[in-house]
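S.K.: If you scroll down you'll find the structure; I have some questions about it.
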Amino acid sequence: MAQVNPDFMETLRQAGTDTGAECNNCGTCVAICPLAEGHFPRLMLRYAQLGAQELILDQAQELWRCLHCGLCTQTCPRGANPGEVILALKRFVVASWRRS
Amino acid sequence: MYNHQDIISLLAANVRATKSPFGIPKPLVNTWWKGQGLGREGDVLLMTGLMYQLVPYIETVTRQLERFEDTRFMPYLAWARFVPKLLSGLGLAALTPAPAKDKAALHLRDIVAALRASGVSFGYRPELDEYSGILLYDLGDQESFVRHARLVAERLAQAGVRRIITVDPHTTYALKVLYPRYVGAQFEVRTYFEALDMGTGGGAVASPDAGGARLTLHDPCFYGRYLELSDLPRRLLGGLGHQCADVRECGAYTSCCGGPAEAVSPRLSARIGAGRAGQLAATGEQLVTMCPICLSNLEKAGANVLDLSAILARGLPRREPDQAAGPGQ
């Protein structure tokens with residue numbers, strides 16, 4: 001069972017963005033993403049909101065499929081900035097991996 | 001798909017040791033300026049960020065990565081970071097075909113020709129022209145990006161550089177947005193087509209042989225979305241008598257060429273590139289772009305694409321080097 005960390009958004013803020021909390025999981029980012037597979041990037045944003053660090057680290061490879069093209073950020077109706085949240089998650093993962 | 005840790009470790013180690021993501025000695029990569037009569041002094045420094053020059057090497061690397069992606073040999077990439085940088089860099093240089101290197105140089109020479117034609121005064125100092133580190137930023141290796149960016153910015157500042165002309169969207173975004181944000185370096189940064197627009201007073205004067213072609217522009221993500229620079233290339237082309245036939249996915253809503261994924265998954269990159277090439281082909285017109293990565297990836301997808309610089313260089317009246325650039329090298 002995955003543990004949640006309610007302070008994870010603060011960690012993410014230090015990694016560059018705190019807008020992920022605005023996401024209401026509408027799925028516009030999934031529809032517009034050129035990867036067009038699964039629930040990327042929405043799923044990662046939900047993990048970030050929940051602070052499901054273990055799941056993020058377990059599925060970290062998925063983050064590097066992101067092209068950082070910014071189309072999700074451009075079209076997000078909530079201003080949740082999914083592209084930058086994904087980039088912040090990459091930074092979090094790289095920092096975790098360097099620490100270990 | 002390659003392991004992100006292997007890719008990041010390799011690229012970061014290369015940048016740290018050689019200031020280049022591929023470890024190729026700069027004298028081998030940056031040769032386009034020789035024989036161009038470029039002055040060292042000028043109101044503004046031309047900075048290529050080595051992106052056009054690196055593309056032939058990126059293509060070589062991608063071809064190799066493509067061969068081994070998702071095969072049993074893929075994990076061996078983890079050992080690549082232990083290969084001496086100079087050795088791997090020289091090997092990569094030897095594997096990269098000369099015509100591809102010449103083609104990359106041609107785009108930069110076209111940019112210089114267009115700047116000269118519009119009367120923009122600029123200087124070029126090869127020793128200050130460094131890779132911006134943008135790939136490290138995109139891959140999330142913030143620590144390595146900031147370390148490299150600080151080094152590049154400090155050298156520019158020490159040389160008294162305040163104003164910069166850039167030639168590609170990745171370096172432009174790095175210098176214009178990321179350097180001020182993460183290393184506190186403030187430069188006045190313009191793309192070459194912004195400089196051209198200013199040089200021509202917003203109205204390019206076409207040479208007599210400039211043609212009225214119909215063109216479809218592929219806006220690179222960094223220009224179209226992040227920097228909101230889609231209108232200017234269209235205005236310049238319009239001034240030269242060309243018409244732009246846009247696809248729906250243009251400007252701020254442009255679609256990615258797939259290039260940024262090629263380091264971790266050439267297969268994914270090719271799939272995205274093919275999709276974008278298909279969107280652009282809908283107009284049936286000549287495709288144009290202004291990013292070396294987009295150019296390479298769309299060409300790989302089978303599209304016939306021109307670099308914006310080629311059209312601008314042909315469309316603006318030629319000037320001799322000494323009319324714009326000062327004493328030659």
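The values are calculated or read from the model by the stated rules, or taken from the named source; none is laboratory data. Everything numeric here is computed off the predicted structure, so don't read it as measured data. When we count neighbours, we look across all protein chains shown, and the Cβ atoms used for this are built from the backbone with ideal geometry, even at glycine.
S.K.: Kindly evaluate B:E127 against the criterion of being more than 15 Å from B:W32 (Cβ to Cβ) and not β-branched (V, I, T).
M.R.: no
S.K.: Please go through the stretch B:275-303 and pick out each residue that is assigned to a helix (DSSP H, G or I), over 22 Å from B:D138 (Cα atoms) and hydrophobic (A, V, I, L, M, F, W, C).
M.R.: B:A277, B:L280, B:A281 - these are the residues of the stretch B:275-303 that are assigned to a helix (DSSP H, G or I), over 22 Å from B:D138 (Cα atoms) and hydrophobic (A, V, I, L, M, F, W, C).
S.K.: Could you say which residue among B:T60, B:T71 is surrounded by fewer than 21 Cβ atoms within 10 Å (Cβ to Cβ), outside the structural domain of B:I293 (by TED's automatic domain parsing) and not in a helix (DSSP H, G or I)?
M.R.: It is B:T71.
S.K.: Given the criteria surrounded by 21 or more Cβ atoms within 10 Å (Cβ to Cβ) and more than 9 Å from B:H218 (Cα to Cα), does B:G273 qualify?
M.R.: yes
S.K.: Can you find a residue in the stretch B:74-89 that is of a type outside the set (A, V, I, L, M), closer than 24 Å to B:D168 by Cβ and either at pLDDT 90 or above or not in a helix (DSSP H, G or I) (or both)?
M.R.: No: zero hits.
S.K.: Given B:S255, B:S309, which one is in a loop (DSSP other than H, G, I, E, B), of a type in the set (S, T, Y), crowded, with 16+ Cβ neighbours inside 10 Å and at pLDDT 95 or above?
M.R.: B:S255
S.K.: Of everything in the stretch A:31-47, what is within 14 Å of chain B (Cβ to nearest Cβ) and buried (at least 18 other Cβ atoms within 10 Å of the Cβ)? Give them in sequence order.
M.R.: Result: A:I32, A:C33, A:P34, A:L35, A:F40, A:P41, A:M44.
S.K.: Out of the stretch B:147-172, which residues are more than 20 Å from the chain's Cα centre (by Cα), part of a helix (DSSP H, G or I) and either within 14 Å of another protein chain (Cβ to nearest Cβ) or crowded, with 18+ Cβ neighbours inside 10 Å (or both)?
M.R.: Scanning the stretch B:147-172 gives a single hit, B:R147.
S.K.: What number of residues within the stretch B:1-54 satisfy the criterion of being in a loop (DSSP other than H, G, I, E, B), within 14 Å of chain A (Cβ to nearest Cβ) and surrounded by 18 or more Cβ atoms within 10 Å (Cβ to Cβ)?
M.R.: So the count comes out to 1.
S.K.: If you don't mind, there's one more thing I want to ask. Considering only residues of the stretch A:17-27 that are surrounded by fewer than 19 Cβ atoms within 10 Å (Cβ to Cβ) and not hydrophobic (A, V, I, L, M, F, W, C), which is nearest to the other protein chains (Cβ to nearest Cβ)?
M.R.: Ranking the candidates gives A:D18 first.
S.K.: Would you check if B:T62 is β-branched (V, I, T), over 28 Å from B:R267 (Cα atoms) and more than 14 Å from chain A (Cβ to nearest Cβ)?
M.R.: No.
S.K.: So B:I272 clears everything in (1) in a loop (DSSP other than H, G, I, E, B); (2) of a type in the set (V, I, T); (3) within 11 Å of chain A (Cβ to nearest Cβ) except one condition, right? Which one?
M.R.: B:I272 satisfies all of (1) in a loop (DSSP other than H, G, I, E, B); (2) of a type in the set (V, I, T); (3) within 11 Å of chain A (Cβ to nearest Cβ) except (1).
S.K.: Give me a count of the residues in the stretch B:121-146 that are in contact with a Ser or Thr (Cβ under 8 Å, 6 or more places away or on another chain), surrounded by 24 or more Cβ atoms within 10 Å (Cβ to Cβ) and either at the interface with chain A (Cβ under 8 Å from one of its Cβ atoms) or more than 20 Å from A:R13 (Cα to Cα) (or both).
M.R.: Residues in the stretch B:121-146 being in contact with a Ser or Thr (Cβ under 8 Å, 6 or more places away or on another chain), surrounded by 24 or more Cβ atoms within 10 Å (Cβ to Cβ) and either at the interface with chain A (Cβ under 8 Å from one of its Cβ atoms) or more than 20 Å from A:R13 (Cα to Cα) (or both): 4 in total.
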